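Colleague: Just dropping this structure here.
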Amino acid sequence: MRILVSGGGVAGLSAGIDLVAGGHDVTLVERSDHLRVNGSPIDIRGESIGVAEEMGVLGQIRARRIGMSERIEFVDASDRILAELAADEVNDTAGDVEIPREDLVTILRAALPAATPLIFGESIVELHDDGAGVDVRFSSGTSDRFDLVVGADGMHSATRRLVFGPEHLFLRHLGFYTAIAALPPRARRDGRNSMFNLPGLMSGITGYQDKALAVFLFRSPWIDYDYRDLDAQKRILTDVFAGQRDWRVGELLEAALADAELYFDSVSQIDMDAWHRGRAVLVGDAAYCASPLSGRGTSLALTGAWFLAEALREHPDDVERAFAQYERLQRPHVLRAQATAAPGGDLLAPPTPEAIDARNERLRTASR
């Protein structure tokens, strides 16, 4: 089949690799003019490790693994360590693999066959499914026809909006916002991953290899803003942390304001009863975002793309049956991943001074 994949992230690249391996003619489009390589490292967990092996990329992934989460410190305003986060608080098993996002994206991009088009600066603006195929009109003004459309375009998926309806029907806000900005490598002292809390707020410095990152997490009800407006994102972050100059918060805010590729978004999940309609299907965050607090978004992207490709291989003449099989196999992974997110917010950004003290005491006791 001719298949269009919308999105050039982990889900889209994985879908492209798996679908091409299944014998399909695949085209990928990515709204941005480049692959997204910024952000914090990501985890590959559980069954997704076996999927990566089947895809032929596990060896490369393991060769570039890092151990950023092996030691996370919670500090006070004087940089004194109050508690440390044990590795088993953030890892499922000893087999988990943590890898820089840019390395995983580079590995997946190289695994995508050279003959498979990956078109940057292009996105879907209109879909028409007539039951036998899907007519697609792109932002460039061109049109084409495909047998299937795979939406792998993230939590704010345009494919989902065009096929299923507006985002608010499916997005469940978990009550937090997060931001990540680049820091000079020297900002990370002695290789420490340090987090500082005020009630409902977390700011910190983390890193890997020669990179350092400023990270923020804060509690907030839903904020109505344009998620593509970088200036609006920076204003929100500045307003929330205004006047906070304890520890190194001011330094981190300055870095965030200077970062042209600041990552900022709500901590939310996508809940859908079905991930397909007609000849369109969703994969990854577009269908079942578990939020950064789960640490399992990459794993879901890998397993979802694999289950979809396998289902189409097993049912080449029955798209509806293939989609149903994909959903049946993937949904247990999604439910587990989404259920793990809520405790993460309480761990990283406790709401009150008493909750911060209780968290620190619990971690100290666990460490002893």
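The values are calculated or read from the model by the stated rules, or taken from the named source; none is laboratory data. Since the model is a prediction, treat every value here as computed from it, not as a measurement. No Cβ is skipped: glycine too gets one built from the backbone with ideal geometry, and neighbour counts run over all protein chains shown.
Colleague: Only one of these is part of a loop (DSSP other than H, G, I, E, B) and in the same structural domain as W275 (by TED's automatic domain parsing): A110, A115. Name it. Steps first, answer last, please.
Modeller: Working: A110 fails: part of a loop (DSSP other than H, G, I, E, B).
The match here is A115.
Colleague: Would you mention how many residues in segment 321-345 are surrounded by 14 or more Cβ atoms within 10 Å (Cβ to Cβ) and under 20 Å from F216 (Cβ atoms)?
Modeller: 4
Colleague: Return yes when R228 is loosely packed, with under 13 Cβ neighbours inside 10 Å and not in a strand (DSSP E or B) and no when it is not.
Modeller: Details: loosely packed, with under 13 Cβ neighbours inside 10 Å: yes; not in a strand (DSSP E or B): yes.
Criteria met by R228.
Colleague: Taking only segment 294-310 into account, find how many residues are crowded, with 24+ Cβ neighbours inside 10 Å and either in a loop (DSSP other than H, G, I, E, B) or free of Cβ contacts under 8 Å to residues at least 40 places away in the same chain (or both).
Modeller: So the answer is 1.
Colleague: Exactly one condition in (1) part of a helix (DSSP H, G or I); (2) over 23 Å from the mean Cα position of the chain (by Cα) is false for D346; which is it?
Modeller: If we test D346 against (1) part of a helix (DSSP H, G or I); (2) over 23 Å from the mean Cα position of the chain (by Cα), just (2) comes out false.
Colleague: Check D357 against each of (1) of a type in the set (D, E, K, R); (2) at pLDDT 95 or above; (3) assigned by TED's automatic domain parsing to the domain that holds A158; (4) surrounded by fewer than 22 Cβ atoms within 10 Å (Cβ to Cβ) and name the one condition it does not meet.
Modeller: Only one criterion in (1) of a type in the set (D, E, K, R); (2) at pLDDT 95 or above; (3) assigned by TED's automatic domain parsing to the domain that holds A158; (4) surrounded by fewer than 22 Cβ atoms within 10 Å (Cβ to Cβ) is unmet by D357, namely (3).
Colleague: Same structure again: Any idea how many residues of segment 252-293 are buried (at least 16 other Cβ atoms within 10 Å of the Cβ) and assigned to a helix (DSSP H, G or I)?
Modeller: Initial filter on segment 252-293 (buried (at least 16 other Cβ atoms within 10 Å of the Cβ)): 252-253, 255-256, 259, 262-270, 272, 275-276, 278-293.
Those still in the list that are assigned to a helix (DSSP H, G or I) too: 252-253, 255-256, 285-288, 292-293.
Residues meeting the conditions: 10.
Colleague: Name every residue in segment 140-173 that is buried (at least 20 other Cβ atoms within 10 Å of the Cβ) and either part of a strand (DSSP E or B) or without any contact (Cβ under 8 Å) to a residue 12 or more places away in the chain (or both), in order of residue number. Let's see the steps before the verdict.
Modeller: The first filter runs over segment 140-173 and keeps only residues buried (at least 20 other Cβ atoms within 10 Å of the Cβ), leaving 146, 148-155, 157-160, 163-164, 170.
Listed by number, the residues that qualify are F146, L148, V149, V150, G151.
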